[in-house]
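Here is the structure we will look at.
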Amino acid sequence: MKLRIPKTVGVVAHSGKPEAQGRLLELLAVLREHHVAVLLEREAAALAGKPKLARLLREIGKTAEMVIVLGGDGTILRVARELEGPATPILGVNLGNLGFLTSIHGNRLQGPVRDILRGQYEISQRHTLQTTLIRSGKRRATRRALNDVVVSRGALSRIVRLRLFVDGELLTEYVCDGMILATATGSTAYSLSAGGPILVPTSRALIITPICPHALSNRSVIVGENSVIRCQVADAAAELLLTVDGQVQLRMKVGDEVEVHRSPRTVQLVTPKDHSYFEVLREKLKWSGANV
């Protein structure tokens with residue numbers, strides 16, 4: 001992939017982060033220094049004191065050659081979902097504590113951003129999932145996920161029975177609290193917390209991870225990138241939810257099915273030249289090699 005030196009950059013900021021305004025003004029100064037045209041999303045425009053310049057994210061995606069996001073993984077997931085355009089590259093600047101999708105620390109953004117504006121960066125291409133809610137044989141809603149798709153119970157602590165099919169063949173029936181269907185990118189999110197494996201982002205696979213299964217032998221299963229997974233609600237004594245990337249929720253009921261497969265659309269994450277995924281793992285997961 002030929003890397004472009006961006007001349008028009010969209011900027012998104014999570015206004016709820018304490019550092020957001022200071023880091024935003026710092027970033028805008030660097031962009032001005034490199035004579036880059038800036039398109040501000042609503043929250044970023046308000047923080048910069050320029051509310052009249054606010055743009056919708058989908059408009060930014062059609063014009064910007066890159067989008068810089070100040071926030072955390074949740075903000076990146078929202079931006080990746082809402083952006084429209086030809087897979088606009090996204091650069092994440094971490095203003096939180098735990099982030100696997102952001103590649104630059106907020107307290108040292110100037111150097112890496114300058115390098116990226118000179119064309120010194122790489123693109124990490126991430127696959128996404130297309131998920132469809134099926135009810136009574138009809139496709140009711142389709143959504144796209146970068147991290148994961150989760151079928152889970154609502155507020156009440158009631159178990160559910162879920163039948164899993166892979167490429168039309170029954171895998172098994174789970175008695176559990178729910179099910180996580182994750183990409184390699186999402187392997188370090190909810191799936192990891194539920195005991196799933198870590199996959200490097202370039203892994204061409206999908207992860208099936210049950211949540212609190214009653215059978216201790218039920219473990220995560222990794223299937224091929226072209227597999228089609230169907231999760232059927234066989235029984236549930238309470239409300240069920242289908243959650244996409246932890247942000248979009250749809251209500252489910254007994255008999256509903258969720259079909260999940262790889263989406264043709266990818267997300268392009270911008271990383272500095274010296275970015276190391278394994279270094280991120282060591283830092284975020286506190287891996288030191290020492291005995292506990």
Could you list, ordered by first residue, the pairs with Cβ atoms under 6 Å in which the first is in the range 199-225 and under 16 Å from THR172 (Cβ atoms) and the second is of a type in the set (Asp, Glu), at least 6 apart or interchain?
ILE211/ASP177; CYS212/ASP177
Considering each residue of the range 108-129, count those that are over 22 Å from the mean Cα position of the chain (by Cα) and either without any contact (Cβ under 8 Å) to a residue 40 or more places away in the chain or in a strand (DSSP E or B) (or both), and give that number.
2
Across the range 156-182, what is the number of residues that are closer than 25 Å to ASN226 by Cα and among the aliphatic types (A, V, I, L, M)?
9
Which of (1) hydroxyl-bearing (Ser, Thr, Tyr); (2) without any contact (Cβ under 8 Å) to a residue 24 or more places away in the chain; (3) surrounded by 15 or more Cβ atoms within 10 Å (Cβ to Cβ) is the odd one out, the single condition THR88 does not satisfy?
(2)
Is it true that THR132 is part of a strand (DSSP E or B), within 30 Å of THR102 (Cβ to Cβ) and not assigned by TED's automatic domain parsing to the domain that holds LEU27?
yes
Identity of the residue in the range 194-225, among the polar types (S, T, N, Q) and modelled with pLDDT of 95 or more, that ends up nearest to the chain's Cα centre (by Cα)
THR209
Right, GLU84: of a type in the set (Asp, Glu) and touching a helix residue (DSSP H, G or I) at 6+ places or on another chain (Cβ under 8 Å) or not?
yes
Would it be correct to say that LYS17 is in a helix (DSSP H, G or I) and of a type outside the set (Phe, Trp, Tyr)?
no
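The values are calculated or read from the model by the stated rules, or taken from the named source; none is laboratory data. Since the model is a prediction, treat every value here as computed from it, not as a measurement. Cβ atoms come from the backbone with ideal geometry, glycine included; neighbour counts cover every protein chain shown.
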